[in-house]
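For reference, the structure is listed below as structure tokens.
The values are calculated or read from the model by the stated rules, or taken from the named source; none is laboratory data. Bear in mind the structure is a predicted one, so any value in this text is a computation, not a measurement. Using ideal geometry, Cβ is built from the backbone for each residue, glycine included, and neighbour counts are taken over all protein chains shown.
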């Protein structure tokens, strides 16, 4: 469904990976592994289209994502290192705005429900900067339940989460994959069995 | 369309939550203007002669201080990434953000301008000309400034660099704006200067959003 | 030749200082940037070798590490 | 023409092209600069108003013209890089920046040295000098922006945007400054207002103009080679080259 065709990426004039090809199909959970500086984040950003590879292209459903961005972005959910939430707005405001921006219908009740699910009952209208790091991450993760997207690209989604949070997220990945979605993720800790079957892709540190 | 008004409202809302950041450049402007009578001469004629230039230079400097805010928060907290992945047109988003920035940083300046004109002993005609040049010129500052902000937003130490990049670019505006006010002081027509500033504004309005969008993409890379 | 004598030429109709200063500084600055560019070229090529040796060291260390394990 | 240029988007080909062009640039530059300068200094007739001080024109005007020209060339390179995604175009843009800044400096310095006997002051806010000064600021901005980025590919793109913003601004700056100048100083005679210059004065000027242009070309090729080596540090062909160079020295 999503494939990278011989992409090359160099950062600070060091080649991170060269002619790398990678494909995922519906129902895949791809776990990217590699040491610091191997280019995991760069690869994910190329897959989302945020970064442009030096050579090669990324295709979604057989079409170049540069040529048909809106089709791809309707089906994409990306969570990066940065949460994408503004500190002076509440969780509720942040999510509402994000949903409107991504063209997702929403209603207040559903938002409260999802925020409760990620363990933020009573914190819905507190400015996000007053929340702890883990809670902020949960606000960002709430998007997974709000937007129906086929492709999830999650960069280090487990950072700052507690054990319960990790389990919840792994379960969500499993459910998503079982219903025919795609998850591409990186993490420093191994995925547990909670997450279900997954494919590992190793990125070497290159010189 | 409602998407863009959504961004407009959100940015306005956030801006008013960070009041200190709104007020500080204005205080800076006021203080810079205060320095001139003290440093040059408090004689009314001298002040009247240098007044337009002083106000415009102070306005440019204070706008450079506030400029960085334009994309900094959105870049740092990742909101910009999410904008880019929403399928919305980035040039349009940039234009909306520039509009908000203009509203929150230059409209207060316009409100403050009678006080500055009084401090520097400008005549009524000069004041009207000053208002008109600020009205036409300040959106130009925001639009062109946003390109450089887009380029430097990913750098940790972008502050001084931003000023280095922008000051030379703002020189024509300074020349035409102050000369308009000078003409007003001599009871001469100054429509031609205003027309040139307006032409520059239109040019910037047509091109800058695309340049801003491109710069933001470069910064994301 | 526009000048009667060599000393006239040096004198430049009384503007010697300005004329020779201009020409002198111009060619000096041009010389500096040319030389600087060439010096940088050779230092860069040396840096390439240093970089290559560093990389070889890292590779060797890695190999020994894996053997030890 | 683009078909012909396209192979040079590859850095190795561009490097080879630089090596081929370089001796021609150097030879031409030396020849033209020697002929133009000697002719201008010794054989061209005196100016009836300014005497021999006008001979500074033979470096001032070429450097002033080419400082603008180099900036425009940088902007074109940036545009080519942007449209066709050529890394080499960005590299050549940044290779040109320092030499363009040097040209601007020369134009400023010689303008000041010429102004002193003419106006009695080293610095007068004359239209041409003022626009040259602003041009120097623009050059410094591009160079500073390029230097601020760690990732040089990103740096090239960013500096390219700034070069394009600058090039849109250059005509505006030029006319605004000229206009401002006429407002503020009526009396001083502009030293550049020679409606018709005698041909025996013009020839050395044109030869020097060509000489400066070739010099810029020569330095640009050297600097472009540096830039390519710096950016392609890990390519085998650069490493082979480095080996050759170091061994050649021993």
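Among the candidates A:119, A:103, A:62, the residue that is within 14 Å of chain B (Cβ to nearest Cβ), surrounded by fewer than 20 Cβ atoms within 10 Å (Cβ to Cβ) and on the phi > 0 side of the Ramachandran plot is uniquely A:103.
Specify the residue that is farthest from residue A:187 (Cα to Cα); the eligible residues are those in the range A:43-64 that are more than 17 Å from the chain's Cα centre (by Cα) and in a loop (DSSP other than H, G, I, E, B). I'd like the intermediate steps shown before the answer.
Filtering the range A:43-64 for residues more than 17 Å from the chain's Cα centre (by Cα) gives A:52-57, A:59, A:61-64.
Next, only the ones that are in a loop (DSSP other than H, G, I, E, B) stay: A:52-54, A:61-62.
Details: A:52: 23, A:53: 22, A:54: 25, A:61: 26, A:62: 28 Å.
So, considering only residues that are more than 17 Å from the chain's Cα centre (by Cα) and in a loop (DSSP other than H, G, I, E, B), the one farthest from residue A:187 (Cα to Cα) is A:62.
So, of the residues in the range A:83-92 that are in contact with a strand residue (DSSP E or B) (Cβ under 9 Å, 6 or more places away or on another chain) and free of Cβ contacts under 8 Å to residues at least 40 places away in the same chain, which turns out to be farthest from the other protein chains (Cβ to nearest Cβ)? Out of the qualifying residues, it is A:90. On the stretch given as the range D:35-55, residues that are free of Cβ contacts under 8 Å to residues at least 40 places away in the same chain, more than 7 Å from every other protein chain (Cβ to nearest Cβ) and farther than 14 Å from residue C:18 by Cβ total 3.
Every residue, every condition in (1) over 20 Å from the mean Cα position of the chain (by Cα); (2) at pLDDT below 90, yes or no:
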| site | (1), (2) |
| --- | --- |
| D:4 | yes, yes |
| D:20 | yes, no |
| D:30 | no, no |
| D:38 | yes, no |
| D:51 | yes, yes |
| D:66 | no, no |
| D:71 | no, no |
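Set side by side, the residues B:111, B:107, B:100 differ, and just one is under 21 Å from residue B:17 (Cα atoms), within 14 Å of chain A (Cβ to nearest Cβ) and either modelled with pLDDT of 90 or more or over 21 Å from the mean Cα position of the chain (by Cα) (or both), which is B:100. Against the numbered list (1) crowded, with 17+ Cβ neighbours inside 10 Å; (2) under 30 Å from residue A:79 (Cβ atoms), residue B:55 comes up short only at (2).
Rundown of residues vs (1) more than 9 Å from chain C (Cβ to nearest Cβ); (2) surrounded by fewer than 21 Cβ atoms within 10 Å (Cβ to Cβ); (3) closer than 18 Å to residue C:26 by Cα, yes/no style:
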| position | (1), (2), (3) |
| --- | --- |
| D:88 | yes, no, no |
| D:92 | yes, no, no |
| D:99 | no, no, yes |
| D:102 | no, no, yes |
| D:108 | yes, no, yes |
| D:113 | no, no, yes |
| D:119 | yes, yes, no |
| D:134 | yes, no, no |
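Is it the case that residue B:35 is within 14 Å of chain A (Cβ to nearest Cβ), assigned to a helix (DSSP H, G or I) and over 15 Å from the mean Cα position of the chain (by Cα)? It is false that residue B:35 is within 14 Å of chain A (Cβ to nearest Cβ), assigned to a helix (DSSP H, G or I) and over 15 Å from the mean Cα position of the chain (by Cα).
When the range D:83-135 is examined, which residues are found to be closer than 22 Å to residue B:168 by Cα and not in a helix (DSSP H, G or I)? Listed by number, the residues that qualify are D:123, D:124, D:125, D:126. The residue pairs whose first member lies in the range D:172-188 and is within 7 Å of another protein chain (Cβ to nearest Cβ) and under 19 Å from residue D:119 (Cα atoms), whose second member is surrounded by 13 or more Cβ atoms within 10 Å (Cβ to Cβ) and at pLDDT below 75, and whose beta carbons are closer than 8 Å, counting only pairs six or more residues apart or on different chains, do not exist in this structure. Quick check on this structure: which one of A:21, A:6 is over 30 Å from residue D:227 (Cβ atoms), without any contact (Cβ under 8 Å) to a residue 60 or more places away in the chain and not in a loop (DSSP other than H, G, I, E, B)? Just a single option satisfies the conditions, and that option is A:21. For the range B:170-204, a residue qualifies if it is within 7 Å of chain D (Cβ to nearest Cβ) and either under 13 Å from residue B:61 (Cα atoms) or not in a helix (DSSP H, G or I) (or both), and exactly one does: B:171.
Residue B:113 - would you say it is in contact with a helix residue (DSSP H, G or I) (Cβ under 8 Å, 6 or more places away or on another chain) and over 22 Å from residue B:14 (Cα atoms)?
Numbers: in contact with a helix residue (DSSP H, G or I) (Cβ under 8 Å, 6 or more places away or on another chain): yes; over 22 Å from residue B:14 (Cα atoms): yes.
For residue B:113, the condition - in contact with a helix residue (DSSP H, G or I) (Cβ under 8 Å, 6 or more places away or on another chain) and over 22 Å from residue B:14 (Cα atoms) - is met.
Checked against (1) in the same structural domain as residue A:37 (by TED's automatic domain parsing); (2) surrounded by 13 or more Cβ atoms within 10 Å (Cβ to Cβ); (3) out of contact with any helix residue (DSSP H, G or I) (no Cβ under 7 Å at 6 or more places or on another chain); (4) not in a strand (DSSP E or B), residue A:157 passes all but condition (3).
Of all residue pairs spaced 6 or more apart or on separate chains, those with beta-carbon atoms under 6 Å, a first member in the range D:227-250 that is facing chain C (nearest Cβ under 10 Å) and a second member that is not in a helix (DSSP H, G or I) are D:238/D:232. Collect the residues in the range A:65-82 that are in contact (Cβ under 8 Å) with a residue 24 or more places away in the chain and either surrounded by fewer than 14 Cβ atoms within 10 Å (Cβ to Cβ) or in contact with a helix residue (DSSP H, G or I) (Cβ under 8 Å, 6 or more places away or on another chain) (or both), keeping them in residue-number order. Residues satisfying the conditions are A:76, A:77, A:78, A:79, A:80, A:81.
Of the candidates A:134, A:165, A:119, the single residue that is at pLDDT below 90, assigned to a helix (DSSP H, G or I) and closer than 28 Å to residue B:14 by Cα is A:134. If the condition is being in a helix (DSSP H, G or I) and over 14 Å from residue D:213 (Cα atoms), then the range D:38-73 contributes D:38, D:39, D:40, D:41, D:42, D:43, D:52, D:53, D:54, D:55, D:56, D:57.
Across the range D:73-86, which residue is nearest to the other protein chains (Cβ to nearest Cβ) among those that are farther than 23 Å from residue D:134 by Cβ and in contact with a helix residue (DSSP H, G or I) (Cβ under 8 Å, 6 or more places away or on another chain)? Looking at the filtered set, the residue picked out is D:82.
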